1. I'd like to check something: does the range B:39-52 contain any residue that is within 23 Å of A:L13 (Cβ to Cβ) and either of a type in the set (G, A, S) or facing another protein chain (nearest Cβ under 7 Å) (or both)?
2. Does B:E105 fit the bill of being open to solvent by 30 Å² or more (accessible area, probe 1.4 Å), more than 30 Å from A:A24 (Cβ to Cβ) and either modelled with pLDDT of 95 or more or in contact with a helix residue (DSSP H, G or I) (Cβ under 7 Å, 6 or more places away or on another chain) (or both)?
3. Condition test on B:S205, is it open to solvent by less than 20 Å² (accessible area, probe 1.4 Å), within 30 Å of B:E170 (Cβ to Cβ) and assigned by the TED database to the domain that holds B:L155?
4. Have a look at A:V147, A:V132, A:V153 and point out the one that is under 29 Å from A:G279 (Cα atoms) and touching a residue at least 12 places away in the same chain (Cβ under 8 Å).
5. Considering every residue within the range A:149-157, establish whether at least one is more than 20 Å from the chain's Cα centre (by Cα), open to solvent by 20 Å² or more (accessible area, probe 1.4 Å) and within 14 Å of chain B (Cβ to nearest Cβ).
6. Collect the residues in the range B:88-108 that are more than 26 Å from the chain's Cα centre (by Cα) and of a type in the set (S, T, Y), keeping them in residue-number order.
7. Could you check how many residues of the range B:254-283 are part of a helix (DSSP H, G or I) and open to solvent by 60 Å² or more (accessible area, probe 1.4 Å)?
Amino acid sequence: MSTQALSPEARTLGYWTGVRTVFALEIKQRLRSRGWYVLLVVWFVVIGLVAALTALSSSAAMGPQGPVLYELMVGFILFFGLLLAPALSANAVNGDRAAGTLAILQITLLRPGQILAGKWLASWVASMGFLVASLPFLLWALALGGVEPLSAVVAVVMLGVELGIVCAVGVGMSALAARPLFSIVVTYMLVALLGLGTLITFGLSSFLTIETVKASSSTSYSYGSNGVEEYSCSGPLTDVSVARTERIAWILAANPFVVVADSIPTAPVRDENGFSTTGVMEGISTLVRQAQAGPEHTMPCLNGEAGNTGELDVPPIWPLGLGLQGALAALLVLLGRRRLRTPVRSLTAGTRIA
Amino acid sequence: MDNSAGDHSAGTGVVAAGIRRSFGSVEAVRRMDFTAPAGEVTALIGPNGSGKTTLLLILASLLAPDAGSVRINGYDPVANPLEVRAGIGWMPDTLGTWGSLTAREILVTVAGLYGIERSVAGVRAAGLLETVHLTDFADKPARVFSRGQQQRLSLARALIHDPSVLLLDEPASGLDPGSRVDLRALLRRLADEGKTVVVSSHVLSELDEMVDGAVFVARGETVKTQSLADAGAQERWYSIRSLNTGSLLRQVDELRIPYRQRGGADRPEVQVRLAGETAAAQLLRSLVQADVAVTAFAPAGGALEETYMSLDADRR
């Protein structure tokens, strides 16, 4: 063994060299496990079935099919991605600990942040593989026409970002929890909290925001020349209870579906007969923007005035959502990094270092 | 050796003093002092659950002691973990490997984590695989390795960055006799190169042949620190066999040497308590002069085993 080539005193490990090495180590292991490929095939088949069914059912409807199929595909990919990402990420650290390979990393010049960053990137890239596997179906929907290329690109980018956030939550949890089973379940619960919990919280807390406002007792509407609803208000003002949803709309922001839906730029596309269709993601976005606008916008004849219920003039809510989700992920990763610090002072009960 | 526990200026080897560490209510290490000078193989010996692995984890900079000071090559693992890690090679008692990676990939990856360039790492990995006789398995996934092969790979991994301090937790377990001889020769050679080698083991007879000193621990405490020279000088049992056990016993009786009889009727053996190697040489000479037909004359157990058993006696 020659010792000339190695000079122990001058040995250092650059930040990105360390991250890259951990990343390569993780990816190699994932690419060599058959499970990942089986999941990919299952994924491809399921997304393909969803796409085929959607295409069949929407061909019966009028209007351009592209947006309907595309937005539904985006919704499904996000849904399945949220189900998949925790499984791919939430055992990254404690799984290694159980296998006895974490200490082998910790004994090297790696710092905790590098281990977490490398593992996060690897789980993100692994989950992006599933996004790539669904691209053929998205392209199919694009080929049907009616989808803005920009919208298509934004949707895919935002799907990737959401997967990255869930992976970060998973990797952070896996560093915090002693057992893989626990961290995977908790990550699923956190994803459910974002996906369903936000809806439930919004729904329940909307009762707390109920206020009494005055509105015309009788409203009627007709379609104007440009196809937009026009209200006419008559009758005396009466008390009406409305929920001031604009105060709690921010809760919805943390929902991954809202973030993706709200970030996709939409432009109404009409076919040759003048029919327009609304995709599911655009629908979500519209509902959220109505909640953001509150009764001033959604309640016709508030205070006897026929308000503008056409265009909703509210700021996009997805940056807030990304911020909330990112803060959650960052918090978990930072707490997890503390757990990975060595020499260990307090050891979680039931765990070994090696 | 003048590497006393308080002398940190030496800058080499391992010095730990007054180490304490508990896990919850369990005191794994209560009061341990441990010194392993450079250029020597130092054994860490103790029964199961005596705190050996905990001490090695503390020395390896993975676990912080509750109290006490540790210096590895002059660095404190708590304050300067990276400096410590650059200089230590650690082989854990629980084997963990990345099963889907090949032996070569594992070594090159770990080398990368010490900041060693890829080209250098490849050469170094090939050399170490040769050293631990895994060249034929270099490109096989670690999953298919036998326990002994994994153990050897783990040793190669611990050596990949040419550390000056080696901390080996039960390195010989699972090794076949040939690999044990190789391991002994390798550790001896590394020590002779000036490296600090710390070995924890239960196989005491093997340690006898390679260690320069030993630290005995029990119930989380250091109970004895012994150099091999001390071990040779200590009072111990020698076993003697003769063609005529009767005349052997008469002679031993005459010399008023305490003895006991061991072995069955087919392999009779007399064990005598002797004060050291000089006394042993004297007895052998007088037996031969008295025409006792001695066929075997040797220490009953290894020197370390002798010490271990004498310490172990008060455990029960």
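The values are calculated or read from the model by the stated rules, or taken from the named source; none is laboratory data. This is a predicted model, so every value here is computed, not measured. All Cβ positions, even for glycine, are placed from backbone atoms using ideal geometry, and neighbour counts span all protein chains on display. Just so you know, the surface numbers come from the protein's heavy atoms only, side chains and all, with ligands and any DNA or RNA stripped out. Shrake-Rupley method; radii C 1.70, N 1.55, O 1.52, S 1.80 Å.
1. The initial filter retains those residues of the range B:39-52 that are within 23 Å of A:L13 (Cβ to Cβ), namely none.
Within the range B:39-52 (the criterion being within 23 Å of A:L13 (Cβ to Cβ) and either of a type in the set (G, A, S) or facing another protein chain (nearest Cβ under 7 Å) (or both)), the answer is no, since none of the residues qualifies.
2. Spelling it out, it is not the case that B:E105 is open to solvent by 30 Å² or more (accessible area, probe 1.4 Å), more than 30 Å from A:A24 (Cβ to Cβ) and either modelled with pLDDT of 95 or more or in contact with a helix residue (DSSP H, G or I) (Cβ under 7 Å, 6 or more places away or on another chain) (or both).
3. It is false that B:S205 is open to solvent by less than 20 Å² (accessible area, probe 1.4 Å), within 30 Å of B:E170 (Cβ to Cβ) and assigned by the TED database to the domain that holds B:L155.
4. A:V147
5. Scanning the range A:149-157, I find no residue that is more than 20 Å from the chain's Cα centre (by Cα), open to solvent by 20 Å² or more (accessible area, probe 1.4 Å) and within 14 Å of chain B (Cβ to nearest Cβ), so the answer is no.
6. Across the range B:88-108, the qualifying residues are B:S100, B:T102.
7. Looking only at that region, the number is 4.
Residue-wise test of (1) open to solvent by less than 70 Å² (accessible area, probe 1.4 Å); (2) within 17 Å of A:H297 (Cβ to Cβ); (3) polar (S, T, N, Q); (4) at pLDDT 85 or above.
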{"residue": "A:G203", "(1), (2), (3), (4)": "yes, no, no, yes"}
{"residue": "A:A215", "(1), (2), (3), (4)": "yes, yes, no, no"}
{"residue": "A:S218", "(1), (2), (3), (4)": "yes, no, yes, no"}
{"residue": "A:S222", "(1), (2), (3), (4)": "yes, no, yes, no"}
{"residue": "A:G227", "(1), (2), (3), (4)": "yes, no, no, no"}
{"residue": "A:G235", "(1), (2), (3), (4)": "yes, no, no, no"}
{"residue": "A:A243", "(1), (2), (3), (4)": "yes, yes, no, yes"}
